């Protein structure tokens, strides 16, 4: 997501006319040629721009262009030793981890309550927990800026943590809730019938059922916080910047392949992250929950 | 007869809906009792109250003679099989079956022995290490059964256990549940909406409607002597009419005799002049719909099932508009209470 955000800024990338797939790679789309073709176009639209950035990152020249002038790893070295980026990287990671943990602490019990019990005003509570998805982040950011930073003099990090946590709660509630909704609602009753007290039911049945949901909610929350621009932009301070914001700052000042190199590094990290997630939980489990 | 569970004046009210309306019910020990009725009749609510998943609004429930009305499910030692099976997806089949034993602190070797026993009883000993997800619906059902049996419950409760299985498997499982019940001498309460299933499996049938018990008795009792029109209809009776002796009586479609207009069946038979309205050929039999007038002069709809190879099909002109006589032999006539 960071990569795409950054890409939007330089409008210099010309639409490449060669983007239509050459005949030789015409795939075997089985019995659904139209759907298959649409899927391929979809993937192209998503992936091809990213490939341009990755290619540009390996440039030996001084400007962001395609095709790169020559091959070099020097911009990676530059990005990795560029202090503002590295400081911001650590800040972003800290913020994302803490906000994710807080969102799960609030969101998982909320999801449990919403899925497994009925109470007056349930619809309202559900709406409340999901509302940060709908309220524009700029509005949330501005409100937090006014009340916390300008009003109460709260530290930047605290204000950012509050904002990001609020932003992530809907994901935590939705994804864990979905994983619970997919499970048979009678398994807990079955456990009680077999002799388990409520606490034992929770530890031996509910929690294991929630685990994939929690893992996927954590992954999704982390990525969402890590990539967030609007909130971080409004709440950043002089001493605390998140990585997307400092990349945005950088690209406004200078336009060289270092930004592409940094984006590529993040992309690589994301792929590793996704790979681990796939190996440990499986994408079907992770995203099966969201689609419900 | 020993009583395993007793319900006394039990009601369950949800808001302004009375799901169970002051029922009194004795569940016989070591027998298979079915709670039978259409959806919304209160049968599942009754089962869940016996299990302890919901508490009666009023009345009391005794299990083995002791008051269990406010006892949580984990303290009742009952085995429940859910319609959806409710297997623990994160545990192997063996761990599912052993779950209740572990909670009862049954030591490892003994536990494994009893898990194996329970799985062998349902014929799944070879699948002990599988995850439930890797099993077919029928196999999952058996695991759920084994899990409930393994704890040696005082009563085994089955909530529409066969409704998610295909027709062939359902027949097979009916026999199997019955076999297990008889081999182990378990007390079983089974909830179903399928009268055929109830007839085939039960020692004792309890017919429910709108939260009330309409009739309780052996399958023969209920089938041959339905107490009222509701039970009769649920047991497949058609043809409700008045005779000079009974304000309401009924006869099964296969027992309604069709003869020519002017003919009479031998002595004592009750004859109704009728006009055929519809014919449906069904292979083994022919369904004949007709309208008739009963002894009070009321028009009634009749449904007769005539064997396709019987004399009636060749002797009579079976077509809409044909005038015939519908005759009922005294032995086939079932009088109904008002």
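The values are calculated or read from the model by the stated rules, or taken from the named source; none is laboratory data. No experiment lies behind these values; they were computed from the predicted model shown. Ideal geometry is used to build each Cβ from the backbone, glycine not excepted, and the neighbour counts take in all protein chains shown.
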Considering each of B:179, B:147, B:168, B:142 in turn, give the residue that is more than 25 Å from residue B:41 (Cβ to Cβ), outside any strand (DSSP E or B) and touching a strand residue (DSSP E or B) at 6+ places or on another chain (Cβ under 9 Å). B:147
Quick check on my filter: what residues within region A:182-197 are touching a residue at least 60 places away in the same chain (Cβ under 8 Å) and under 18 Å from residue B:115 (Cα atoms)? none
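Listed here are the residues, each with its yes/no results for (1) surrounded by 15 or more Cβ atoms within 10 Å (Cβ to Cβ); (2) in a helix (DSSP H, G or I); (3) within 22 Å of the chain's Cα centre (by Cα).
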{"site": "A:47", "(1), (2), (3)": "no, yes, yes"}
{"site": "A:62", "(1), (2), (3)": "no, no, no"}
{"site": "A:66", "(1), (2), (3)": "yes, no, no"}
{"site": "A:77", "(1), (2), (3)": "no, yes, no"}
{"site": "A:91", "(1), (2), (3)": "yes, yes, yes"}
{"site": "A:98", "(1), (2), (3)": "yes, yes, yes"}
Exactly one condition in (1) surrounded by 22 or more Cβ atoms within 10 Å (Cβ to Cβ); (2) under 20 Å from residue A:54 (Cβ atoms); (3) under 17 Å from the mean Cα position of the chain (by Cα) is false for residue A:259; which is it? (3)
What is the one condition in (1) more than 14 Å from chain A (Cβ to nearest Cβ); (2) within 19 Å of residue B:33 (Cβ to Cβ); (3) over 18 Å from the mean Cα position of the chain (by Cα) that residue B:176 does not satisfy? (3)
Regarding residue B:161, is this residue in contact with a strand residue (DSSP E or B) (Cβ under 6 Å, 6 or more places away or on another chain) and either more than 13 Å from chain A (Cβ to nearest Cβ) or part of a loop (DSSP other than H, G, I, E, B) (or both)? yes
Criterion first (at pLDDT 90 or above, surrounded by 12 or more Cβ atoms within 10 Å (Cβ to Cβ) and in contact with a helix residue (DSSP H, G or I) (Cβ under 7 Å, 6 or more places away or on another chain)) does residue A:103 satisfy it? yes
Residues (touching a helix residue (DSSP H, G or I) at 6+ places or on another chain (Cβ under 6 Å) and in a loop (DSSP other than H, G, I, E, B)) located in region B:182-215: B:202
Restricting attention to region B:296-324, which residues are closer than 12 Å to residue B:240 by Cα and part of a loop (DSSP other than H, G, I, E, B)? B:298
Having 1 or more residues that are facing chain A (nearest Cβ under 10 Å) and either under 21 Å from residue B:188 (Cβ atoms) or in contact with a strand residue (DSSP E or B) (Cβ under 9 Å, 6 or more places away or on another chain) (or both) is the bar; report the helices (runs of 4 or more DSSP H) wholly within region B:14-131 that clear it. B:43-51, B:93-103
Residues located in region A:186-197, provided they are touching a helix residue (DSSP H, G or I) at 6+ places or on another chain (Cβ under 9 Å) and within 8 Å of chain B (Cβ to nearest Cβ): A:187, A:189, A:190, A:191, A:192, A:193, A:194, A:195, A:196, A:197
Checking residue A:174 against (1) farther than 22 Å from residue A:128 by Cα; (2) surrounded by 18 or more Cβ atoms within 10 Å (Cβ to Cβ); (3) more than 14 Å from every other protein chain (Cβ to nearest Cβ): exactly one of these is not met. Which one? (1)
Meets criteria (modelled with pLDDT under 85 and buried (at least 24 other Cβ atoms within 10 Å of the Cβ)) for residue A:182: no
Within region B:216-239, residues in a strand (DSSP E or B) and either touching a residue at least 40 places away in the same chain (Cβ under 8 Å) or closer than 13 Å to residue B:43 by Cα (or both) come out as B:216, B:238, B:239
